[in-house]
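For reference, the structure discussed in these notes is given below.
The values are calculated or read from the model by the stated rules, or taken from the named source; none is laboratory data. Note that the structure is predicted; figures quoted are calculated from it, not measured. Here the Cβ is made from the backbone with ideal geometry for all residues, glycine too, and neighbour counts use every protein chain on show.
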Amino acid sequence: MQRTLRFFFLTLLFVAGQSYADALVWEATKGEHKVIVAGTIHLLKPADYPLSEEYPQAFADADTLVFETDMAAVQAPAFATKMTQMMMLPAGESLQTRLSPEVYERLSQFAQQRSFPLAQLQTFEPAFVALTLSIMEMQKLGFAEGVDARYTRMANEQGKQLAWLETPDEQLQFLRAMTELNADNFMRYTLDDLADLPQLMDDMVKAFKTGDHQALFELGGEPMQEYSQDLYNTILRDRNRAWISQVNEFVKTPETEMIMVGALHLAGPDSVIEMLRQEGYQVKRY
């Protein structure tokens, strides 16, 4: 079954395969200069810290931290307002009219069990409601500050330079792509995942912390391809390609950049790591 919630948290957000002892941290070298590429997960429990030693070592080695986007900007009220406006349905439509009676009834039952105020979200796209439900359930399980937010804070505290691969508006457009999927299927698969959320998140975090990029792709990349190849191309493949052109500029500088992106971007045949190799970089685990 396709797992929409899995790729929510592996990109925006893991059935373990073989065991890996290394962290999701690589060193990519071209000529005399290098960049460090590290995977992140956007929500973690406090008990999941500290990360493996490769992360603080790479952080200490880096002059500049590069993230997918400006964390301060996306956490600001103005960004939340813009996202909310973008996710509103056209006049005359509602969440209930966008979903089939069967799926809406199932959603209503889930919301009632969780004391979730579904009536307040009737004017929003089903994908936005699904994401909101998912985040609330994760927060109930104790998930809070993710790697991106923590390392942004650390970089600010230590006076390291910050840079970004995408603008907040570009991030919104990737979220908007979710609304183009079949609303019934998207909500149905999300509710399926929420029923298994504790075990699902245990698998995700285990794969992240053990550096098992193969398991990450099996859990996030393959299901996304099965669900929608267009979505996979938009959310993963095409963004990875765009980022490589920026890495090519970073590697020309004498400073060392630590590029931190969602873990799924570092897994599978279209990963940033494979694209760097195709570009002639020497890539090895950090």
Quick one: in segment 258-286, of everything that is surrounded by fewer than 19 Cβ atoms within 10 Å (Cβ to Cβ) and polar (S, T, N, Q), which residue is nearest to the chain's Cα centre (by Cα)? Gln278
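Of everything in segment 53-90, what is part of a strand (DSSP E or B) and either of a type outside the set (A, V, I, L, M, F, W, C) or closer than 15 Å to Thr132 by Cα (or both)? Give them in sequence order. Spell out how you get there, then give the answer.
Of segment 53-90, the ones part of a strand (DSSP E or B) are 64-67, 88.
Of everything in segment 53-90, those that are part of a strand (DSSP E or B) and either of a type outside the set (A, V, I, L, M, F, W, C) or closer than 15 Å to Thr132 by Cα (or both) turn out to be Thr64, Met88.
Looking at segment 131-155, which of the residues that are of a type in the set (D, E, K, R) and outside any loop (DSSP other than H, G, I, E, B) is nearest to Thr179 (Cα to Cα)?
For segment 131-155, the residue satisfying everything is Glu137.
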Residue list for segment 70-87, filter: under 24 Å from Ala163 (Cβ atoms) and surrounded by 14 or more Cβ atoms within 10 Å (Cβ to Cβ): Asp70, Met71, Ala72, Ala73, Val74, Phe79, Lys82, Met83
Can you report the number of residues in segment 251-286 which are of a type in the set (Phe, Trp, Tyr) and modelled with pLDDT of 95 or more? 1
Exactly one condition in (1) more than 29 Å from Asn185 (Cα to Cα); (2) at pLDDT below 95; (3) of a type in the set (Asp, Glu) is false for Asp61; which is it? (2)
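Which ones in segment 183-217 are over 18 Å from Ser134 (Cβ atoms), in contact with a strand residue (DSSP E or B) (Cβ under 9 Å, 6 or more places away or on another chain) and outside any loop (DSSP other than H, G, I, E, B)? Please lay out each step first, then the result.
The first filter runs over segment 183-217 and keeps only residues over 18 Å from Ser134 (Cβ atoms), leaving 206-207, 209-217.
Those still in the list that are in contact with a strand residue (DSSP E or B) (Cβ under 9 Å, 6 or more places away or on another chain) too: 211, 213, 216.
His213, Leu216, listed by residue number.
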In segment 229-244, how many are surrounded by fewer than 21 Cβ atoms within 10 Å (Cβ to Cβ) and farther than 13 Å from Leu266 by Cα? 7
